[in-house]
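K.L.:
Structure incoming, see below.
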Amino acid sequence: MPTDPVGRFLTVLDPHHREAVSGRPREEQERLAAAWERELEADTELDSLDELSPPAAEAEAARRVLDRER
């Protein structure tokens, strides 16, 4: 599993979104990864989900970040 934020973010995305995000400039990938990490830290609903399934919480946070990009 990747240890850098961008690599971790890309790993939790579904294949379609992973391909789309990986084609963006590195700076944008870093911005999205930072937003994803903030979402994981700040959202208390994700804390509960994280206790049940950390991968599901990470995927949900990634989905929220990408939804805000639209």
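The values are calculated or read from the model by the stated rules, or taken from the named source; none is laboratory data. Fair warning: this is a prediction, and the values are worked out from it, not measured in the lab. Don't worry about glycine lacking a Cβ; one is built from the backbone with ideal geometry, like all the others, and counts go over all protein chains shown. Surface areas here come from the heavy atoms of the whole protein model, side chains and all, with no ligands, DNA or RNA. Shrake-Rupley method; radii C 1.70, N 1.55, O 1.52, S 1.80 Å.
K.L.:
Restricted to segment 38-70, and to residues that are more than 17 Å from Thr11 (Cα to Cα) and touching a helix residue (DSSP H, G or I) at 6+ places or on another chain (Cβ under 6 Å), which residue is surrounded by the fewest Cβ atoms within 10 Å (Cβ to Cβ)?
P.N.:
Taking the candidates together, the pick is Leu49.
K.L.:
Can Leu10 be described as in contact with a Ser or Thr (Cβ under 7 Å, 6 or more places away or on another chain), open to solvent by less than 70 Å² (accessible area, probe 1.4 Å) and either without any contact (Cβ under 8 Å) to a residue 40 or more places away in the chain or of a type in the set (Gly, Ala, Ser) (or both)?
P.N.:
Details: in contact with a Ser or Thr (Cβ under 7 Å, 6 or more places away or on another chain): yes; open to solvent by less than 70 Å² (accessible area, probe 1.4 Å): yes; either without any contact (Cβ under 8 Å) to a residue 40 or more places away in the chain or of a type in the set (Gly, Ala, Ser) (or both): yes.
Yes: the conditions hold for Leu10.
K.L.:
Within segment 27-46, is there a residue that is part of a loop (DSSP other than H, G, I, E, B), over 14 Å from Ala59 (Cβ atoms) and out of contact with any strand residue (DSSP E or B) (no Cβ under 8 Å at 6 or more places or on another chain)?
P.N.:
Residues of segment 27-46 part of a loop (DSSP other than H, G, I, E, B): 43.
Filter again for over 14 Å from Ala59 (Cβ atoms), leaving none.
Checking segment 27-46: not a single residue is part of a loop (DSSP other than H, G, I, E, B), over 14 Å from Ala59 (Cβ atoms) and out of contact with any strand residue (DSSP E or B) (no Cβ under 8 Å at 6 or more places or on another chain).
K.L.:
For segment 13-34, what are the residues that are open to solvent by 30 Å² or more (accessible area, probe 1.4 Å) and of a type in the set (A, V, I, L, M, F, W, C)? Give the derivation first.
P.N.:
Applying the first criterion (open to solvent by 30 Å² or more (accessible area, probe 1.4 Å)) to segment 13-34 yields 14-20, 22-28, 30-31, 34.
Selection gives Ala20, Ala34.
K.L.:
Going through Glu41, Glu28, Glu19 one at a time, which residue ends up being at pLDDT 95 or above and more than 16 Å from Asp4 (Cβ to Cβ)?
P.N.:
Glu19
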